[in-house]
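> The structure that follows is given in the form of structure tokens.
None of the figures in this text is laboratory data; all of them are computed from the coordinates on show. Remember, it's a predicted structure, so these values are computed and weren't measured experimentally. Please note: Cβ atoms are built from the backbone with ideal geometry, for glycine as well, and neighbour counts cover all protein chains shown.
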Amino acid sequence: MPPAEAEPHTAPCPACVSATASPAQCRSQNAPWPGGEPLVTFLRTEEGPDATFPRTIPLIQQLLNATEFTQDPAAYSQLVAVLVYTAERAKFATGVERQDWMELFIDTFKLVHRDIVGDPETALALC
């Protein structure tokens, strides 16, 4: 049984902008795209914040301890995200809290640097 005709998209799709297609030939937004997959696909990380991402000092320290000796490639991207997060938190914190975030940033930097270069102690010269 063929699908029922749907209302045209509010945004143009390839069928709507085609010189030979009429708006009645446009598929609904829930129907498959003409030619297969949509033009843009989103990775899970692009869909919004990850609920498991560590956002507190103790959780980040726990993550750093857990990933210190791992060779998992996925750990590298998480460490880079933590590096950015700790830099932002250090930038906007004050007093003792700022010092704590700066120390986490340096510890995270050492691990990221180690993954790239291999020796975490050479990172100290850069800090």
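> So how much slack lies between THR70 and ARG55, counting 0.36 nm per residue of separation and subtracting their Cα-Cα distance, in nm?
Result: 3.3 nm gained on full extension.
> Ok, one more. As an exercise, identify the chymotrypsin sites (Phe, Trp or Tyr not before Pro) in region 53-111 lying in DSSP coil whose Cβ has no more than 12 other Cβ atoms within 10 Å.
Sites meeting the loop and neighbour criteria: PHE69.
> Another question, then. For region 57-126, take every pair of Cα atoms, bin their distances at 5 Å starting from 0, and report each bin as a whole percent.
For region 57-126, the pair-distance distribution reads 3, 18, 29, 25, 16, 6, 2.
> Find the relative contact order for region 57-126 and round it to a whole percent, using C-alpha pairs within less than 8 Å whose residues are 6+ positions apart.
Contact order relative to length: 29 percent.
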